[in-house]
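Data block below; observations after.
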Amino acid sequence: MVGLVIVSHSATLAAGVAELARGMGGEVPIELAGGIDAPEPALGTDAVRVTEAIERADRGDGVLVLMDLGSAVLSAEMALDLLPEESRSRVLLCEAPLAEGAVAAAVTAKLGASLEDVAAEARGALQAKVAHLGSDAVAPSAPAPGTGGATVTLSVRNPLGLHARPAARFVQTAGGFDADVSVTNVTTGRGPASGRSLNALATLGVRQGHEVLVAAHGSQAAEALAALAALAERDFDEQEPVAATPVPVAPPRSDEGSLTGLPGAPGTALGAARHLRSAAPEIPTEPASDPEAEWEALARAIEQVRAETLATRDSVAARAGEYSAAIFDAHLLFLEDEALLEPARRAVFDERQNAAQAWQAATEAVADDYRRLDDEYLRARAEDLTGLARQVVARLVGGQSAPAVAEPGVVIAPDLTPADTAALDRDLVRGIATAYGSATSHSAILARSLGIPAVVGVGEELLEVPEGTPLVLDGDAGAVYVDPAEELVRSYERRREQAEAAARQALASARLPARTRDGRPIEVVANVGSPADVDTAVANGAEGVGLLRTEFLFLDRNSLPSEEEQFAAYGDMAERLQGRPLILRTLDVGADKPLPYLTQRPEANPFLGVRGIRLGLERPELLETQLRAALRVACEHPLKVMFPMVATLAEYLEAVAVLARAREQVEQAGQTAGEVEVGIMVEIPSAALAAEAFSPEVDFFSIGTNDLTQYTLAAERGNERVAGLADALHPSVLRLVQAVGEAAHRHGKWLGVCGELASDPSAVPVLVGLGVTELSVNPPAVPAIKEAVRQVDYGAAAALADEALRLTSAEDVRALLAPKVAPIVEHAAP
Ligand code: PEP
Ligand code: MG
């Protein structure tokens with residue numbers, strides 16, 4: 001029997017249509033692909049859901065797919081591409097109206113008709129309604145001469161006209177109806193252009209004060225026009241004021257010419273503004289030998305970039321609000337725009353171009369249209385499109401998709417992923433300034449470990465600084481000076497020379513161990529995320545590695561690294577340490593560190609979802625592979641294993657069982673597994689509060705103050721708007737450190753700190769006073785932290801810690817610590 005699949009933007013609508021059809025079609029297999037995995041209202045369509053629904057509905061006689069509108073059709077097409085060849089030939093996408101078509105199809109399928117007959121019945125299903133109502137009933141207003149269909153004239157009041165955000169709202173609204181919508185710019189005479197294509201709409205050059213004629217055909221023409229008229233009334237939902245001056249604008253500058261952000265990484269930098277852009281990947285020139293396969297590859301690449309863009313959109317929405325995130329809606333629309341897809345499809349099938357060539361040519365043609373527009377703002381959209389196009393091509397041809405700068409200067413970006421930061425060319429990047437982010441966001445941590453001065457969370461005006469503008473960046477104060485006066489430049493140059501001299505001095509004694517004045521040894525080790533970090537750590541006097549963030553090996557690639565690859569990478573780092581100990585933290589991805597190739601269900605609160613050890617236990621094969629590699633390295637080098645994001649003792653014991661399994665597997669393979677100490681990161685308050693229960697089971701604790709602070713104060717670590725709240729020196733966080741310190745001490749276990757707080761010289765006395773004996777810090781910070789340890793008297797530090805615990809705010813703790821610590825030299829150069 002032929003099966004049916006109902007594809008709708010709304011799960012409720014799909015269920016309703018199925019209910020109607022089942023009433024007529026009895027046992028006909030009807031499967032639903034409605035809505036998307038997202039918080040309510042969850043409207044949208046998802047190609048993977050459609051594929052799964054087709055597979056469920058397929059009983060061997062064929063599947064008829066009925067869709068509602070817009071992207072439902074694209075998702076269904078993409079679903080076809082995802083199906084194996086053999087089942088794809090049994091599937092027919094049908095243009096019939098959804099409700100009427102589904103009922104007619106169910107009735108016919110129940111009779112055992114062929115797929116073609118079921119489709120023909122579905123297509124004819126509107127006839128009864130048309131005959132009954134006649135065509136007059138559809139027309140809401142008189143058609144304008146020459147256009148046919150219904151029309152409405154709208155005035156555009158938005159300061160920048162129909163630029164990306166309002167145009168995206170127009171296209172989204174038009175796409176929500178069963179109507180063909182076209183738009184003509186009455187003021188300039190340009191058009192008509194499709195109202196469902198962001199790119200086509202942009203080429204009309206609609207500015208403030210222009211009038212546009214919107215025409216619609218189809219069963220919901222009247223509804224579409226009414227909705228678009230209402231949207232225009234609401235100024236296309238552009239509530240936030242938009243500068244009337246098109247970009248590039250004069251560099252924003254306050255009285256002192258500075259933009260204020262948050263200190264991201266210490267140090268100062270002078271250089272020209274360099275906006276970060278995706279590097280152009282090399283386009284292959286071989287013709288397509290299998291156009292179907294090329295088209296499928298393109299669909300997959302677009303889908304991957306769509307998922308990445310959605311993730312960026314969501315993270316910007318959470319940090320900076322819906323208005324700022326709306327720009328990514330425009331990017332998402334680019335990816336499903338027929339103005340790009342159709343020429344690319346023709347190039348693949350008719351001209352036999354390969355997928356990368358076809359996509360590149362299609363996007364470049366549209367980007368050229370943008371470049372020819374008078375409107376400076378819209379001309380700048382060509383860059384957005386080119387960047388997005390490069391991401392897709394990078395997915396197709398493999399290799400690095402990380403954006404880059406071509407000339408030396410201060411890098412400017414909305415935000416940087418850890419992969420972007422890691423891929424930066426250290427010879428060109430003098431400093432980093434980001435519009436979003438906070439001091440414990442991973443990009444800031446990486447900047448510190450690379451020794452690149454950084455200012456984060458500066459705000460969107462940073463992005464308007466024109467390319468090449470001279471900048472002074474002060475990573476200690478969290479300020480960026482735009483087009484600075486010569487005097488300011490000179491004073492910063494002097495400051496930098498002094499800092500370099502102080503760093504050289506600290507480096508001279510960095511190789512000696514660090515003991516407090518009263519002789520208590522404190523191990524100063526490093527946090528590393530790359531082989532280069534290990535070299536910097538050793539050069540700066542680190543006594544080992546206290547945190548190896550193994551994510552570095554998993555990021556910016558398309559598949560999981562194999563056991564051998566991991567064995568080689570960890571072994572190489574251990575070699576570079578020349579006998580110094582290495583603490584390997586098992587994979588800590590999820591939340592703010594997603595892996596594009598590890599598909600995870602979207603979560604409303606990813607920071608509270610499946611991340612760290614939870615992912616490792618959900619996918620034990622990942623953890624086993626990593627632990628096998630680690631155990632093999634451990635038989636040659638001093639290596640310890642540490643599990644991240646442990647919330648409960650049960651989780652830890654389960655992880656230890658996985659470790660035991662990995663050991664058995666190594667031995668069964670005839671290889672040797674070394675002995676390892678095992679510990680946990682304390683990053684979740686529940687683990688800190690249960691330290692007494694953990695203590696007999698673990699060999700050590702290492703406190704991850706970055707996450708511990710975010711979970712204690714419920715203040716997201718990458719969010720500049722709550723950065724003031726997320727201060728690791730808050731007494732509540734210190735009390736948790738104290739609880740772990742006391743439990744560890746009672747059981748003879750050692751306690752380290754590997755969160756960013758350990759790299760803050762002013763925090764050293766209080767941490768030592770709370771019983772911490774290991775500080776794992778950014779490699780460039782090792783000399784300064786050793787110096788800080790040497791100035792501590794343990795007895796006095798314990799009294800200081802007691803006093804800090806009695807305070808009620810982070811500000812008070814900072815005030816308490818400030819006078820107790822002599823100014824510490826800046827970090828050494830890497
Ligand atoms: C922490 O949370 O403090 C930590 C060191 O881990 P990461 O920064 O890698 O999450
Ligand atoms: Mg952490």
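The values are calculated or read from the model by the stated rules, or taken from the named source; none is laboratory data. On a predicted model such as this, the values are computed, not experimentally measured, just so you know. Ideal geometry is used to build each Cβ from the backbone, glycine not excepted, and the neighbour counts take in all protein chains shown.
With the requirement that a residue be hydrophobic (A, V, I, L, M, F, W, C) and not in a helix (DSSP H, G or I), what does region 629-665 give you?
Here is the first cut: in region 629-665, the ones hydrophobic (A, V, I, L, M, F, W, C) are 629-631, 633-635, 639, 641-643, 645-647, 649-650, 653, 655-660, 662.
CYS635, LEU639, VAL641, MET642, PHE643, MET645, VAL646, ALA647, listed by residue number.
Can you confirm whether ASP255 is of a type in the set (D, E, K, R), at pLDDT below 90 and over 25 Å from the mean Cα position of the chain (by Cα)?
Working: of a type in the set (D, E, K, R): yes; at pLDDT below 90: yes; over 25 Å from the mean Cα position of the chain (by Cα): yes.
So ASP255 fits the description; yes.
Of all residues in region 559-603, count the ones that are within 16 Å of ligand 2 (Cβ to nearest atom) and modelled with pLDDT of 95 or more.
5
Scan (1) touching a residue at least 12 places away in the same chain (Cβ under 8 Å); (2) part of a helix (DSSP H, G or I); (3) more than 30 Å from LEU622 (Cα to Cα) for the single condition VAL524 breaks and write down its number.
(2) is the only condition that VAL524 fails.
What do you reckon, is VAL658 within 16 Å of ligand 2 (Cβ to nearest atom), under 33 Å from the mean Cα position of the chain (by Cα), at pLDDT 95 or above and crowded, with 17+ Cβ neighbours inside 10 Å?
no
Within 21 Å of ILE445 (Cα to Cα) and either assigned to a helix (DSSP H, G or I) or polar (S, T, N, Q) (or both) - does that describe any residue in region 767-777?
yes
Are there any pairs, at least 6 apart or on different chains, whose C-beta atoms fall under 8 Å, with the first in region 435-455 and closer than 15 Å to VAL410 by Cα and more than 16 Å from ligand 2 (Cβ to nearest atom) and the second modelled with pLDDT under 80 and polar (S, T, N, Q), and if so, which?
Taking only residues 6 or more apart or on different chains, the pairs are ALA447/THR421; LEU450/THR421; ALA454/SER443.
Results for (1) surrounded by fewer than 19 Cβ atoms within 10 Å (Cβ to Cβ); (2) in contact with a strand residue (DSSP E or B) (Cβ under 8 Å, 6 or more places away or on another chain); (3) among the polar types (S, T, N, Q); (4) farther than 21 Å from ASP337 by Cα, shown as yes or no for each residue.
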| position | (1), (2), (3), (4) |
| --- | --- |
| LEU20 | yes, no, no, yes |
| MET24 | yes, no, no, yes |
| GLU27 | yes, no, no, yes |
| ARG59 | yes, yes, no, yes |
| VAL65 | no, yes, no, yes |
| ALA102 | no, yes, no, yes |
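Could you list, in sequence order, the residues of region 608-622 that are farther than 12 Å from ALA647 by Cβ and in a helix (DSSP H, G or I)?
LEU615, GLY616, GLU618, PRO620, GLU621, LEU622
Tell me which of these GLY724 doesn't satisfy, since it passes every other one: (1) touching a residue at least 12 places away in the same chain (Cβ under 8 Å); (2) more than 16 Å from ligand 1 (Cβ to nearest atom); (3) assigned to a loop (DSSP other than H, G, I, E, B).
Checking GLY724 against (1) touching a residue at least 12 places away in the same chain (Cβ under 8 Å); (2) more than 16 Å from ligand 1 (Cβ to nearest atom); (3) assigned to a loop (DSSP other than H, G, I, E, B), the one that fails is (1).
Return the total of residues in region 632-650 being free of Cβ contacts under 8 Å to residues at least 60 places away in the same chain and within 16 Å of ligand 1 (Cβ to nearest atom).
4
Which one of these does GLN626 not meet: (1) within 15 Å of ligand 2 (Cβ to nearest atom); (2) outside any strand (DSSP E or B)?
Answer for GLN626: the failing condition is (1).
So, of the residues in region 527-579 that are within 16 Å of ligand 1 (Cβ to nearest atom), among the hydrophobic types (A, V, I, L, M, F, W, C) and without any contact (Cβ under 8 Å) to a residue 40 or more places away in the chain, which turns out to be nearest to GLU683 (Cα to Cα)?
LEU548
Among the numbered criteria (1) without any contact (Cβ under 8 Å) to a residue 24 or more places away in the chain; (2) in a loop (DSSP other than H, G, I, E, B), which single criterion is violated by GLN208?
(1)
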